[in-house]
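One structure is given here, and the rest of the page talks about it.
The values are calculated or read from the model by the stated rules, or taken from the named source; none is laboratory data. Computed from a predicted model, the values in this text were never measured in an experiment. Cβ: placed from backbone, ideal geometry, glycine included. Neighbour counts: every protein chain shown. The accessibility values were calculated without ligands, DNA or RNA, using every heavy atom of the protein model including side chains. Shrake-Rupley method; radii C 1.70, N 1.55, O 1.52, S 1.80 Å.
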Amino acid sequence: MRRTLTFTTATAIALALSLPAFAEPQAGGRLNLIIQPEPPSLMMGLVQNGPTQMVAGDIYESLLRYDENLEPQPSLAKSWEVSEDGLTYTFTLQDNVKWHDGEDFDSSDVVFSVDVFLRETHPRLRASLVHVEKIEAPDPSTVVFTLKQPFGPFLGIFEAGTMPMIPQHIYEGTDFANNPMNNTPIGTGPFKFEEWERGSYIHLVKNEDYYMEGKPYLDEVYYQVVPDGASRAVAYETGQVDVLPGGSVENFDVPRITAMDNTCVTDKGWEFFGPHSWMWMNNHEGPMADKNTRKAVMHSLDRQFALDALWNGLGKLATGPVSSSTRFHDSDTPSIDYDPELAKQYLADSSYDGETIRLLPLPYGETWQRWAEATRQNLIETGFDVELVATDVAGWNQRVGEWDFDLAFTYLYQYGDPALGVSRTYVESNIAKGSPWNNVAGYVNPEVDALWQQAAVSASAEERQELYSQIQDTIVDDVPVAWLLELGFPTIYRCNVKDLVTTGIGINDGLRDAWIER
Amino acid sequence: MIRFILARLVKAVVILLAILIFNFLLIHAAPGDPAAVMAGEAGATDEKFIADLRARFGLDQPFGVQLWLYVKSTVQLDLGFSYRQNMPVIDLIWDRLPATLLLTLTAFVIALVLGVTAGVLAASKQGTWWDSIISSMALLFYATPLFWVALMASLLFSVVLGWLPGYGYETIGANYTGFERALDIGKHLILPATTLGLFFMAVYMRMTRASMLEMSRLDFVKTARAKGLKNRVIQRRHVLRNALLPVITLAGLQAGQIVGGAVLTETVFAWPGIGRLLFEAISQRDYSVMLGVFFVSAAMVLLFNLITDVLYVLVDPRIRLT
């Protein structure tokens with residue numbers, strides 16, 4: 001407990017210190033960050049996992065960025081207009097943007113990237129592109145997206161991880177997956193790819209021709225690959241790295257590291273992703289097919305303990321399917337609080353007859369393992385018989401994708417809008433074996449399905465809020481999954497590194513604004 | 001001798017082929033495949049994405065066809081392509097080989113030299129406090145988990161004392177060349193090589209000691225003593241030479257594994273070697289890399305076994321070439 005309090009104080013001070021700096025940025029210097037695990041590739045159009053986006057977010061850009069309130073900000077588009085009927089989105093591009101190989105970037109690159117390349121390779125964007133009728137480039141600096149019907153979250157899909165700009169002159173007419181240039185990525189971003197010593201580091205250097213005068217400030221960036229969590233802590237403690245992005249070190253190491261001199265911590269920079277954790281409950285078959293059993297599980301979970309003891313107080317208790325940083329969140333939903341007596345009551349009313357519940361921890365390190373152990377303890381206290389099933393990442397993917405579990409920990413990004421990152425978990429049309437990221441629980445509610453559909457294509461924000469509130473109410477009452485925490489990932493860094501996190505996408509949005517105070 | 005070596009080579013090829021097939025079956029029996037892992041990492045997927053990946057990895061082919069294609073290409077010394085890393089497997093292994101050889105060979109030499117020396121010392125001082133200290137130390141090094149020793153060494157010498165770098169192969173971005181670079185790599189090598197070496201040292205020490213004591217009790221040693229030879233000569237020329245046979249066997253077996261790398265040590269010290277390549281490939285189910293590393297290390301084990309057999313004949317003339 002004492003440890004948590006100490007950390008909370010340190011966090012408060014550091015959060016205060018990490019407020020935007022008003023000093024004049026200083027150019028120059030080198031920044032060393034941890035990257036974990038090593039990305040399989042830096043070609044962001046082909047690979048969309050976290051580590052790839054963190055490094056390649058410096059190399060590739062998209063038309064927009066989003067601040068911590070998810071308001072769109074200019075990136076490769078300097079301005080945009082939305083027609084009154086919500087069907088036409090017109091973007092005007094920045095002037096003098098060049099690819100890292102010196103070629104000009106223009107609107108035909110945008111059309112190629114979205115309509116040809118990413119439509120072929122990017123499953124998450126593909127799901128949004130079904131709403132798009134056509135993409136046109138009337139002149140080199142203008143791009144027009146015309147939709148088939150209004151799509152509420154459309155303006156939220158223009159960040160680099162969802163829609164990275166790909167150079168047409170390199171990829172057009174080639175086999176995208178096997179293009180040799182995939183190993184030496186060319187983007188428009190503030191940093192250029194220099195060298196990748198596999199197993200050791202990725203080296204990026206300043207893009208001298210970047211379209212923003214004076215930016216980036218840093219001369220070079222090294223992403224260091226250190227596979228062991230304890231060694232990553234050592235890397236920071238010995239001064240070999242300056243930044244530990246969220247999730248780099250085990251949570252129990254965080255208070256020790258943040259107590260070091262000149263060390264700041266922030267949980268900002270995840271608002272766009274809204275990492276939301278829950279336990280899948282197998283609604284298809286077994287004990288969790290019974291709503292009363294699911295409610296018994298939900299009220300058994302002491303989530304405040306997990307937040308304080310395992311997550312150092314960073315993050316929030318989830319109130320339902322939509323994260324509080326995601327648009328249209330509604331906290332006025334039925335209670336899912338820890339209530340052991342209520343849990344026992346629900347269990348008594350359920351069809352559960354003592355069978356062993358198979359609980360899959362998320363194989364992402366010690367914090368998740370401990371969380372599963374604490375959860376097992378909670379469930380045993382209610383009267384469940386629970387066994388933890390050990391898996392590695394590949395095994396976890398398969399078991400969850402094949403519905404071979406009763407309870408399974410997971411967390412997913414929400415991408416700022418329920419239509420982009422929440423509905424996929426609950427709609428019936430997204431039930432299919434083989435993927436751990438669809439409606440794995442097998443939740444079926446045709447009434448809610450209709451509401452999801454209606455809310456996604458509504459052009460009015462008020463109407464969307466009303467529909468999403470209704471959805472949240474119903475789903476929370478049905479408890480298809482057991483919501484846990486809105487995860488808070490601490491980014492730990494030397495306090496003299498300024499403007500490291502300036503958007504709701506955080507370090508994944510590139511180090512365009514970062515500078516080192518000397 | 002040449003006929004002996006040729007016969008052994010033929011046998012080795014047959015064994016290698018059996019290992020190839022066994023590895024392939026074993027790996028495919030594990031849950032999950034590379035397409036599922038990559039789709040999982042993307043955090044979103046649809047049927048087309050999974051199908052495209054499976055086609056790229058060749059997983060859409062019938063199992064028998066996959067096995068046949070694998071054996072055929074490996075026999076032609078083509079270890080395949082890692083679609084995950086977008087590189088030929090042989091290039092990935094080749095890139096990591098120098099770091100692994102440097103680490104494992106240094107550790108091997110440390111283990112062998114210190115282990116045999118300590119073993120001889122302990123045996124010749126049997127029953128004294130020398131013997132007790134050496135034996136206890138060996139037991140301690142052998143019994144303590146390698147990753148824990150590695151972490152503690154890193155904490156003490158890197159974080160607390162600040163004497164040595166705690167991880168990595170060389171100072172990143174320093175761009176040293178020539179002697180300066182060698183010195184820099186040497187500094188980075190000390191902790192991982194010693195940690196790995198100490199574990200194996202304990203094994204060699206115990207084996208040398210036991211073997212020396214066993215030999216000392218045999219008749220030919222008594223005869224040598226009766227002939228009036230000095231104890232030092234008896235120990236070196238008669239006891240040690242015979243006692244080294246089991247040590248050579250063990251060293252031969254371990255030398256074969258040198259190419260396979262040291263998974264734990266390489267992981268804790270972020271040493272960019274083959275052990276880590278394998279470890280990461282396993283967690284990502286990167287089949288072609290896993291099979292490539294298994295193939296190379298199996299081939300090396302067989303090669304070193306052959307070398308051990310030849311050395312045996314040279315060290316002990318009683319062993320016949322059969």
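Points worth noting:
- Cα gyration tensor category, rounded, prolate or oblate, for segment A:276-487 with a/c compared to 1.5: rounded
- Share of carbon and sulfur in the accessible heavy-atom surface of segment B:93-188 [1.4 Å probe, %]: 72 percent
- Evaluating 6.51 cos²θ - 1.76 cosθ + 1.60 at θ = phi - 60° for every residue in segment A:490-498, the Karplus couplings come out as x, 9, 9, 7, 5, 5, 7, 8, 9 Hz, glycine and proline recorded as x.
- Legend: residues A:F272, B:F295, sorted from most to least accessible area (1.4 Å probe; ligands, DNA and RNA excluded), read B:F295, A:F272.
- Sites A:E133 and B:F22 - FRET efficiency at Förster radius 56 Å, r taken between beta-carbons, to 0.05: 0.50
- Counting every alpha-carbon pair across the protein assembly as shown, the share separated by more than 41 Å comes to 42%.
- Residues losing 20 Å² or more accessible surface upon assembly, segment A:146-183, compared with the chain by itself, 1.4 Å: A:A177, A:N178, A:N183
- Chain A, relative contact order in percent, only Cα pairs under 8 angstrom and at least six apart counted: 22 percent
- Rolling a 1.4 Å probe over the heavy atoms of the protein chains gives segment A:276-487 an accessible area of 36 Å² per residue.
- Solvent exposure, largest accessible area first (probe 1.4 Å, DNA, RNA and ligands not counted), of A:L388, B:L16, A:L484: A:L388, B:L16, A:L484
- Modelled spin-label separation between A:V457 and A:Q369, with each label point placed 7 Å from Cα along the Cα-to-Cβ direction: 4.9 nm.
- 1.4 Å probe accessible area per residue over segment B:96-315, in Å²: 47 Å²
- Which of A:S277, B:S283 is most accessible, then next, and so on - probe 1.4 Å: B:S283, A:S277
- Under the span-like rule (Cα at least 20 Å along the axis, Kyte-Doolittle mean at least -0.5), DSSP H helices of chain A: A:2-17
- The sum of -39500 (n - 2.57) across all DSSP H runs of n ≥ 4, divided by the residue count of chain A, sets its helix-only mean residue ellipticity at 222 nm to -7500 deg cm²/dmol.
- Applying the criteria of a DSSP loop state and at most 10 other Cβ atoms within 10 Å to the trypsin sites (Lys or Arg not before Pro) of segment B:110-219 yields B:R217.
- Rounded Å value of the spacing that divides the Cα centres of segment A:107-125 and segment A:233-287: 32 Å
- Spatially, segment B:188-222 and segment A:347-403 are offset by 46 Å when compared through their Cα centroids.
- For segment A:89-105, backbone phi angles converted through the Karplus equation (6.51, -1.76, 1.60; θ = phi - 60°) give residue-by-residue couplings of 10, 10, 10, 9, 7, 5, 8, 6, 8, 10, 5, 5, 8, x, 6, 6, 9 Hz, Gly and Pro being listed as x.
- Accessible area of B:V301 in the full protein assembly, 1.4 Å probe (Å², nearest 10): 40 Å²
- Solvent-accessible area assigned to carbon and sulfur over segment A:239-388 amounts to 44 percent, based on a 1.4 Å probe.
- For segment A:64-168: rounded, prolate or oblate by the Cα gyration tensor [a/c cutoff 1.5]: rounded
- Rounded if a/c under 1.5, otherwise prolate or oblate - segment A:206-351, Cα gyration tensor axes: prolate
- Taking all protein chains as they are arranged and a probe of 1.4 Å, the heavy atoms of B:M201 leave approximately 20 Å² accessible to solvent.
- Relative contact order of segment A:279-341, defined on C-alpha pairs under 8 angstrom at six or more residues apart (%): 31 percent
- Label-to-label distance, nm, for residues given as B:L253 and B:T177 (7 Å Cα→Cβ offset): 4.7 nm
- Placing +1 on the Cβ of every Lys and Arg and -1 on the Cβ of every Asp and Glu, with nothing else charged, gives chain A a dipole about its Cα centre of roughly 880 debye.
- Normalised by the number of residues in segment B:2-89, the mean separation of alpha-carbon contacts (under 8 Å, six or more apart) gives a relative contact order of 21 percent.
- In the context of the full protein assembly, B:W148 retains an accessible surface of approximately 130 Å², using a probe radius of 1.4 Å and ignoring ligands and nucleic acids.
- Size of the A/B contact, given as accessible area buried on both chains, probe 1.4 Å, in Å²: 3600 Å²
- Fully extending the segment from B:L6 to B:W148, taken as 0.36 nm per residue of separation minus the present Cα-Cα distance, adds 46.7 nm.
- Carbon-plus-sulfur accessible fraction, segment A:449-518 (probe radius 1.4 Å, protein heavy atoms only): 46%.
- For segment A:250-262, the Karplus equation 6.51 cos²θ - 1.76 cosθ + 1.60, evaluated at θ = phi - 60°, returns couplings of 5, 4, 6, 8, 4, x, 5, 6, 6, 7, 6, 4, 6 Hz by residue, with Gly and Pro reported as x.
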